[in-house]
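Take a look at the structure set out below.
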Amino acid sequence: MCLADRFAQRIPTTKEQQNLRECGLGFKKVSIASNATPQEVLDLLQTAFPKLHQSGGFEYLKADSSKRLYAIPLPEGGYTGQNLKGYGIQGKIYLRPIQADLDKEKSQVDHQSDDEILQECRSCHQMIPQTRLREHILHCGYNESDEVLEVSSNCPIISDEVLEVDPLREAANG
């Protein structure tokens, strides 16, 4: 789980966990190979939680039975897959930023499920989960005139009458 508050002392409440998830933080399953180097562990975690790049470093924490967080000792050279497993860390690890709180703005991209299909927005070129693409293009400034769709005149569905319907404009105006 990636925390946003650099001073967090306790595990987040259910409501806080939901807010973190919506921000692209919160719980995610990250598999770390036993032979992963410190750089590979870092890369895996920053890929899973891109907002960690703005943290100015982060620490690894565990929770005790009273839901209080405590730091996992940093081994010389950094955390490897082997020494994380050596600490018996198979369960939840909390990542807490050190120098700066993480952005809590909701993220449309960061909280998709691992198997969700991504599509590139043709306006801003971000990869967006397909299930959120329609909502995204209503807000990102997508303009259908930016793209020209070429259709062959041999297409059997084309007639001389053209009915123009723009469901996105109707939804935005409706």
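Among the residues of region 1-30, the ones that are open to solvent by 90 Å² or more (accessible area, probe 1.4 Å) and part of a loop (DSSP other than H, G, I, E, B) come to 3 in all. Among the numbered conditions (1) exposed (fewer than 11 other Cβ atoms within 10 Å of the Cβ); (2) modelled with pLDDT under 80; (3) within 28 Å of residue 68 (Cβ to Cβ); (4) not hydroxyl-bearing (Ser, Thr, Tyr), the only one that residue 155 does not meet is (3). When region 45-88 is filtered for residues that are open to solvent by 20 Å² or more (accessible area, probe 1.4 Å), under 21 Å from residue 6 (Cβ atoms) and either charged (D, E, K, R) or touching a residue at least 60 places away in the same chain (Cβ under 8 Å) (or both), the ones remaining, listed by number, are 50, 51, 59, 62, 64, 67, 68. Annotation note: of 101, 115, 110, the sole residue that is at pLDDT below 80 and open to solvent by 50 Å² or more (accessible area, probe 1.4 Å) is 115. In this structure, residue 101 does satisfy being within 23 Å of the chain's Cα centre (by Cα) and either within 26 Å of residue 131 (Cβ to Cβ) or part of a loop (DSSP other than H, G, I, E, B) (or both).
Within region 31-44, if we keep just the residues that are open to solvent by 40 Å² or more (accessible area, probe 1.4 Å) and among the aliphatic types (A, V, I, L, M), the residue that is nearest to residue 101 (Cα to Cα) turns out to be 42. Against the conditions (1) closer than 24 Å to residue 52 by Cα; (2) modelled with pLDDT of 85 or more, residue 84 satisfies every one except (2). Can you say whether residue 95 is part of a helix (DSSP H, G or I) and buried (at least 18 other Cβ atoms within 10 Å of the Cβ), as far as the supplied structure shows? Spelling it out, it is not the case that residue 95 is part of a helix (DSSP H, G or I) and buried (at least 18 other Cβ atoms within 10 Å of the Cβ).
The values are calculated or read from the model by the stated rules, or taken from the named source; none is laboratory data. The structure displayed is predicted, hence computed values, not measured ones. FYI the Cβ positions are ideal-geometry reconstructions off the backbone, even for glycines, and counts take in every protein chain you see. Only protein heavy atoms, including side chains, enter the accessible area calculation; ligands, DNA and RNA are left aside. Shrake-Rupley method; radii C 1.70, N 1.55, O 1.52, S 1.80 Å.
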